[in-house]
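I have placed the structure first, in the form of structure tokens, so that the comments after it can refer back to it.
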Amino acid sequence: MKYRAMIDSVGHYVPKKIVNNFDLEKKTDTNDEWIKTRTGMFERHYVDDTEAASDLAFKATENAIYSSNTTTKQDIDMIIVATVTSDHPFPATACILQKRLGLKDIPAFDICAGCSGFIYALDIAKQYIENGIAKTILVVGVEILSQLINWADRGTNILFGDGAGAAIITRTPSNCISHIIDSKITADGTDWELLLQVAGGSRIPASPDSIRKNAHTIYMEGNKIFKLAVRAMSGVTAEVLKRNNVSTKDIDWVVPHQANLRIIESVAEKLNIPMSRMIVTIDKFANTSSASVPITISVALKQNMIKRGDMVVLTAFGAGLTFGTVLLRY
Ligand code: UT7
């Protein structure tokens, strides 16, 4: 292989408004103790009326570019945005972001893979870099899930937050230690009905009736999703490690999707990786879907946890049902 892909830099942005468990106690039939012990969540960020996905994506991108020693905005030759909460059903938020960045004549598209979206986008970026077509790809995971909350359903209304994470993926010589070693993305559509936004698409278009039924909000069968998430993330990660002859002892850090602390603990147990190597930000941001992995990488970099050369696993699971794992040397 002539070229390899590496993560050059990562940045994130979350909106200013913080909503903690005690604030939620005032809005729904819940309590801080239940949320903390059943999910590990304490705070989440919500947008105000003026912010949409592209606004958060733009700020996360600015932070990623600021964190890079080499990449400038003009170097970006492809934009991939992972989101299920785009500014508009169409066009792609990636195109809106492209305009904000002042970039022309490059491909820009969105990926809809639920909470696995960033992993999917990274896998695609890797292929484009390795085959020599692209040199510098902006990959963003962004969600505004606060606008999809069903306040009548305490089983889901405490779980989600807003945010964006952006990564600059660059071409690197084949002898460079920092590179994406391998990735696998996959899906099992059998159980797609366990996690979805029911209305607002072509199956059930928006209507006064769909709004009355709260059908434009998140529907999730949490218990079933929980078990599938553990099995899927640990299974695909074990497969990627095995085919690269990498032992779990060689892994410095795992950045898992932040859906539930108990899911993260179960994945760690199944993979036989100590919790001290699982990076957790769920207490601060709750579940930000496709933004959770890049936000968590960004935070870990700022806290000097992940360093250049570390062996890192990224893994996620989400609506679709989609899942995947990326193995890399940072
Ligand atoms: O990001 C995409 C993937 N998403 C996920 O992976 C999420 C996966 N699922 C989960 O994380 C968990 O299933 C939840 C956090 C959603 C729910 O946790 P659980 O431990 O599975 O709770 P449960 O639904 O089994 O409910 C247990 C009890 C019930 O009460 P009873 O029937 O035992 O009396 C619920 O009514 O907890 C009650 N409950 C709550 N109590 C206080 C459910 N939600 C709440 C709440 N506050 N917010």
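The values are calculated or read from the model by the stated rules, or taken from the named source; none is laboratory data. On a predicted model such as this, the values are computed, not experimentally measured, just so you know. Backbone-built Cβ (ideal geometry, glycine too); neighbour counts: all protein chains shown. Calculation scope for accessible area: heavy atoms of the full protein, side chains included, ligands and nucleic acids excluded. Shrake-Rupley method; radii C 1.70, N 1.55, O 1.52, S 1.80 Å.
Of note:
- Cβ-Cβ distances below 7 Å connect the following pairs, each with a first residue in the stretch 262-274 that is in the same structural domain as Ala229 (by TED's automatic domain parsing) and within 16 Å of the ligand (Cβ to nearest atom), a second residue that is aromatic (Phe, Trp, Tyr) and not in a loop (DSSP other than H, G, I, E, B), and a separation of six or more residues or different chains: Ile263/Phe226.
- Close Cβ contacts (under 8 Å, 6 or more residues apart or on different chains) running from residues in the stretch 235-253 that are farther than 13 Å from Ile181 by Cα to residues that are of a type in the set (S, T, N, Q) and open to solvent by 80 Å² or more (accessible area, probe 1.4 Å) comprise Thr248/Asn272.
- Restricting the stretch 95-113 to residues that are crowded, with 20+ Cβ neighbours inside 10 Å and within 16 Å of the ligand (Cβ to nearest atom), the residue that is nearest to the chain's Cα centre (by Cα): Ala113
- Every pair of residues 6+ apart whose Cβ atoms lie under 7 Å, when the first sits in the stretch 194-209 and is open to solvent by less than 40 Å² (accessible area, probe 1.4 Å) while the second is within 16 Å of the ligand (Cβ to nearest atom) and among the acidic types (Asp, Glu): Leu194/Glu221
- Selected residue (only one of Ser174, Ser116 is open to solvent by 10 Å² or more (accessible area, probe 1.4 Å) and either polar (S, T, N, Q) or not assigned by TED's automatic domain parsing to the domain that holds Lys284 (or both)): Ser174
Residue by residue, here is whether (1) within 22 Å of Val19 (Cβ to Cβ); (2) under 18 Å from the mean Cα position of the chain (by Cα); (3) of a type outside the set (A, V, I, L, M, F, W, C) holds:
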position: Tyr46; (1), (2), (3): yes, yes, yes
position: Asp75; (1), (2), (3): no, no, yes
position: Ile80; (1), (2), (3): no, yes, no
position: Thr83; (1), (2), (3): yes, yes, yes
position: Ser86; (1), (2), (3): no, yes, yes
position: Phe90; (1), (2), (3): no, no, no
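- Residues of the stretch 303-325 classified as outside any loop (DSSP other than H, G, I, E, B) and in contact with a Ser or Thr (Cβ under 9 Å, 6 or more places away or on another chain), total: 10
- Filtering the stretch 10-17 for residues that are in a loop (DSSP other than H, G, I, E, B), open to solvent by 60 Å² or more (accessible area, probe 1.4 Å), under 30 Å from Asp310 (Cα atoms) and away from the ligand (no atom under 16 Å from the Cβ) leaves an empty set.
- Looking only at residues of the stretch 312-330 that are more than 16 Å from the ligand (Cβ to nearest atom) and not aromatic (Phe, Trp, Tyr), we find that the one that is surrounded by the fewest Cβ atoms within 10 Å (Cβ to Cβ) is Arg329.
- Residue in the stretch 275-295 that is assigned to a strand (DSSP E or B) and under 21 Å from the mean Cα position of the chain (by Cα) present: yes
- Restricting the stretch 280-311 to residues that are more than 16 Å from the ligand (Cβ to nearest atom) and surrounded by 24 or more Cβ atoms within 10 Å (Cβ to Cβ), the residue that is nearest to Leu122 (Cα to Cα): Ile297
- For the stretch 70-85, the candidate set comprises residues that are assigned to a loop (DSSP other than H, G, I, E, B) and in contact (Cβ under 8 Å) with a residue 24 or more places away in the chain; within that set, the residue that is surrounded by the most Cβ atoms within 10 Å (Cβ to Cβ) is Thr83.
- When restricted to residues that are among the charged types (D, E, K, R) and either within 10 Å of the ligand (Cβ to nearest atom) or in a strand (DSSP E or B) (or both), the stretch 18-32 contains 3.
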